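This report concerns only the one structure given below.
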Amino acid sequence: MRFLRTAALAATLLSAINTNNVVVDASHVVSGTDARLPMSLSTVITDLEAEGASYVTTAAFLTSRSVRQSESAKLVRSLFGISGAGGHDDEVQYGTTTAFGKKLADSPEAEADASDGGSGVAIACPTCSSPKLGASTSEVASTVVACGGTVVYVADMVDLGRGEGLFDYFGPALERMLAIRAMALNAEEEEGTTLKPRPSTLIVVFKGLTDKREIAAAQKTWESAASRMLNAIIQPATGTTRATKLEDVFDRIEYLSAAEVDVDMQLCPAGGRVSAPDSPASRDPSEVAQSVSDVVNSGLVEDLGPMFEMAAKVPVKQACPRLTNPVDLAAARLLGPLASKALAECLNTVSSVTGEDGSTLVPEFGALCDAAIRRALNSLDEVASGSRFKKSPIAKRIRADLVENLYSEMGDVYENQVASLREAAFASFRGKLNKLRISPNLPNEMGDAAETSVKEFASAVKKLRVPRATSNGSWMTNSDQISSLRGRFAEHNAERLKAARASGQFKPVPRKGLTVGMHWLLPKPFGNDYRQEPHMTHTADDLVYAPVDGITDVSGNEIRSGDWRRGLVPAPSGGEMMYLK
């Protein structure tokens, strides 16, 4: 739903005149839209520019969890002066309208300058009361960034009293805003920097309070809760000083009651009227529209579809999980910093012994890492194992990521430790070779020295390995490390032997020849020939054919079976037959 400015605007202004012909309020709504945030702000800004606004201020309207949607709808109208007298006022419906634009009354400076078209405000109002039907956390955070960090926040006294529901959306939005500011500072000197931080204002409205003393007491409670929230969220590690109070984030903070009207006129970070031309919050419409476009193109908005993904400068988030569950949001804000702290402490513990580069050899490196990893996980489990985070998938994901990061970081140090051990083993191996004397048995002695060094290395490298390292990372196995070192030893031995041969210092043992001796007087040098004495191969009571020449080609079995007749042998006679008894 997009409500465009029509020619009836003049009639609308005329209808705002009372019976005494006095203009009640020159400020009026010019357009609204129900498109998705933060892209819908571009539509509103374009309509304000068409209305003649020379400068535009943007702001996001957020509420705490206990503020009902009906109450938010009333507050939007009362706080931003939407009385219903304007032609488009009735079209601003909280929960349906995601953003609307309002043309402000001209300031005295604008009235004196004919070329000044006045000021306008573009208000983004994502629904924050329903986690299922409302806006996602990522959508609200990107909207706050697109609005330059200017926020009108309604705090319910129920949420303020119990300390829950205040920062379900506001906390992630501040986290995203601080990250964007750090990126802008780091890229300040680079060309093409577009996400430049703008002066920001925070207006906190305490619902249900009108007394100044009650507002002052609520302010103290709010500031204390905000400080705890800032200490819990993830902030940039470098580039900026860590924010500990809201004054470190916003240029101006105001605390108002719910009875306040025309809050849109108080959005100027420097105070005064936001409609003034010199207001820091007032920017050229094209500049504000470009800021919204930069947020979309920078990939801060989730699941925009393939067209936005192709046009974006960086990969746009697709199908990101919607962290609408307060438990998941609390787990992300509380356990995230704890996991980062546990990882840093683990690395510091190990690096204090191994050195910054991890090259100082620690014989019991595996036991050291195992103890450091267990302590890091226990510090996180003490907080995450409670009943509130027991079933949270975000808490499980944070722990799994911590385990992966711990073993990954320790894996890099492990590689440096193994490299140091490998060099120490190679130096020890060379020391063993230097003690050998050059002799014909030098190759065997060098091989023995290599095997001894490999065994020593295999025993030492087992102590460097962390238990369960293979299942949690891409660590090389001990067998691979040993095989690699054995190959290096073999190559070194081969090169040393080649150098010794080339210098003439090493001569291998000459090979012994094979001698065979025979004497011609020995009639049977290779044993008896049973073909000449077949009777020696038979037992008693056998009838054996023995020809005159003493040589037979027929066996006794062939004689008994008659198969011998197939051979070419002379017919046996009685004198050629022998009967052995």
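Quick notes on this structure:
- Applying the criterion of being assigned to a helix (DSSP H, G or I) and open to solvent by less than 20 Å² (accessible area, probe 1.4 Å) to the residues of the range 352-383, the residue that is farthest from Tyr414 (Cα to Cα) is Leu380.
- Hits in the range 29-50 - residues which are open to solvent by less than 40 Å² (accessible area, probe 1.4 Å), over 36 Å from the mean Cα position of the chain (by Cα) and not β-branched (Val, Ile, Thr): Ser31, Gly32, Asp47, Leu48
- Here Glu260 fits the description: in a loop (DSSP other than H, G, I, E, B), modelled with pLDDT of 65 or more and acidic (Asp, Glu).
- Count of residues meeting criterion [of a type outside the set (A, V, I, L, M, F, W, C), part of a helix (DSSP H, G or I) and touching a residue at least 40 places away in the same chain (Cβ under 8 Å)] in the range 386-414: 11
- Candidate set: the range 401-442, residues that are of a type in the set (Gly, Ala, Ser) and closer than 30 Å to Asp370 by Cα; chosen: the one nearest to the chain's Cα centre (by Cα): Ser408
- Residue that is buried (at least 22 other Cβ atoms within 10 Å of the Cβ) and either under 28 Å from Trp222 (Cβ atoms) or at pLDDT below 90 (or both), where the choices are Leu4, Leu79: Leu79
- On the stretch given as the range 52-76, residues that are over 42 Å from the mean Cα position of the chain (by Cα) and crowded, with 19+ Cβ neighbours inside 10 Å total 1.
- Residues of the range 147-165 classified as surrounded by fewer than 20 Cβ atoms within 10 Å (Cβ to Cβ) and among the aliphatic types (A, V, I, L, M), total: 2
- Test result for Gly272, surrounded by 18 or more Cβ atoms within 10 Å (Cβ to Cβ) and either part of a loop (DSSP other than H, G, I, E, B) or modelled with pLDDT under 65 (or both): no
- Selection within the range 253-267 - within 40 Å of the chain's Cα centre (by Cα) and either open to solvent by 20 Å² or more (accessible area, probe 1.4 Å) or farther than 14 Å from Val151 by Cβ (or both): Ile253, Glu254, Tyr255
- Residues of the range 411-460 satisfying the condition of being at pLDDT below 85 and among the β-branched types (Val, Ile, Thr): Ile438
Conditions (1) among the small types (Gly, Ala, Ser); (2) open to solvent by 70 Å² or more (accessible area, probe 1.4 Å); (3) on the phi < 0 side of the Ramachandran plot, marked per residue:
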residue	(1), (2), (3)
Val205	no, no, yes
Arg213	no, yes, yes
Ala216	yes, no, yes
Met229	no, no, yes
Ile234	no, yes, yes
Arg242	no, yes, yes
Asp251	no, yes, yes
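- Boolean, Thr238 is modelled with pLDDT under 80, on the phi < 0 side of the Ramachandran plot and either open to solvent by 50 Å² or more (accessible area, probe 1.4 Å) or over 31 Å from the mean Cα position of the chain (by Cα) (or both): yes
- Contacts under 6 angstrom Cβ, first residue in the range 438-453 being of a type in the set (Asp, Glu), partner surrounded by fewer than 16 Cβ atoms within 10 Å (Cβ to Cβ), 6 or more apart: Glu445/Leu436
- The conditions of being out of contact with any Gly (no Cβ under 9 Å at 6 or more places or on another chain), modelled with pLDDT of 80 or more and not in a loop (DSSP other than H, G, I, E, B) are met by Val154.
- Evaluation of Pro510 against the conditions (1) within 27 Å of Val413 (Cα to Cα); (2) not in a helix (DSSP H, G or I) shows that the sole unmet condition is (1).
- Filter result (assigned to a loop (DSSP other than H, G, I, E, B) and either open to solvent by less than 70 Å² (accessible area, probe 1.4 Å) or modelled with pLDDT of 75 or more (or both)) within the range 166-198: Leu166, Phe167, Asp168, Tyr169, Ala187, Gly192, Thr193, Thr194, Leu195, Arg198
The values are calculated or read from the model by the stated rules, or taken from the named source; none is laboratory data. Model, not experiment: these values are computed from the prediction. Note that each Cβ is placed from the backbone with ideal geometry, even for glycine, and that neighbours are counted across all protein chains shown. Heavy atoms of the whole protein, side chains included, go into the accessibility calculation; ligands, DNA and RNA do not. Shrake-Rupley method; radii C 1.70, N 1.55, O 1.52, S 1.80 Å.
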